[in-house]
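The values are calculated or read from the model by the stated rules, or taken from the named source; none is laboratory data. Owing to the predicted nature of the structure, the values given are computational and were not obtained by experimental measurement. Methodologically, a virtual Cβ is constructed for each residue, glycine included, from the backbone with ideal geometry; neighbour enumeration extends over all protein chains shown.
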């Protein structure tokens with residue numbers, strides 16, 4: 001009998017808590033701390049295949065490491081906001097350049113890059129379902145039996161993001177292959193109409209899938225012992241050590 005996938009995955013609770021703490025610390029630390037955070041989580045992304053036991057699902061790792069489209073989008077996002085920050089600093093100084101302006105803009109870009117690395121590391125180290133069960137576990141003291149509702153909403157959101165990205169890519173590819181003689185405005189309208197129709201057609205299927213898997217009830221989202229994954233105490237200890245190091249680096 002093969003080992004259930006949940007036993008071959010990391011416990012998402014300490015991983016999510018660690019990413020949350022480092023996300024907060026990234027905005028409080030300087031350039032050296034942000035660079036260390038970026039290097040740390042890039043290392044975790046690279047080591048993600050080794051942190052799983054043999055036979056675990058590596059699709060998320062492959063998507064996170066080799067999604068060239070998402071990588072370009074992330075670099076464009078960081079570059080755009082870095083340029084905006086630099087332009088705003090120049091405008092406040094009546095367009096008189098000073099080295100500190102470039103340093104401030106670079107610090108913002110470094111922090112944004114670190115936050116993107118934290119988000120990617122969270123996606124490749126945990127599965128969406130286990131992460132949402134961890135969210136329900138954390139919200140249960142506050143919401144009680146209704147904790148499954150935000151967990152299900154989070155699961156649907158995590159499911160829809162890659163679905164929308166992949167569908168949009170296929171639509172753009174089909175439009176390029178057909179070489180439609182349309183204006184940019186007509187192409188944009190056609191793209192949006194096709195995307196909305198495609199996504200709307202899958203709504204009923206998604207609803208049936210949720211009902212068939214009993215995900216519309218509280219029992220499906222309760223935390224169980226096997227959901228903690230392998231080496232649970234070791235994961236908690238490693239994440240606690242990394243968080244302590246991050247706090248020391250920020251407060252030092």
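Based on this model, can you work out whether residue 79 counts as surrounded by fewer than 17 Cβ atoms within 10 Å (Cβ to Cβ), at pLDDT 90 or above and more than 24 Å from residue 16 (Cβ to Cβ)? Taking the combined requirement at face value, the residue satisfies it. Between 234, 174, the distinction of being surrounded by 11 or more Cβ atoms within 10 Å (Cβ to Cβ), outside the structural domain of residue 72 (by TED's automatic domain parsing) and part of a helix (DSSP H, G or I) belongs to 174 only.
The set of residues in the stretch 112-121 that are modelled with pLDDT under 90 and buried (at least 21 other Cβ atoms within 10 Å of the Cβ) comprises 120, 121. Can you say whether residue 173 is over 22 Å from the mean Cα position of the chain (by Cα), modelled with pLDDT of 85 or more and closer than 24 Å to residue 13 by Cβ, as far as the supplied structure shows? Here the answer is no, as residue 173 does not meet what is asked.
Selection over the stretch 179-193 of residues that are modelled with pLDDT of 85 or more and more than 24 Å from residue 72 (Cα to Cα) gives a count of 5. Checked against the criterion of being more than 30 Å from residue 87 (Cα to Cα) and surrounded by fewer than 18 Cβ atoms within 10 Å (Cβ to Cβ), the candidates 140, 146 yield just one match: 146.
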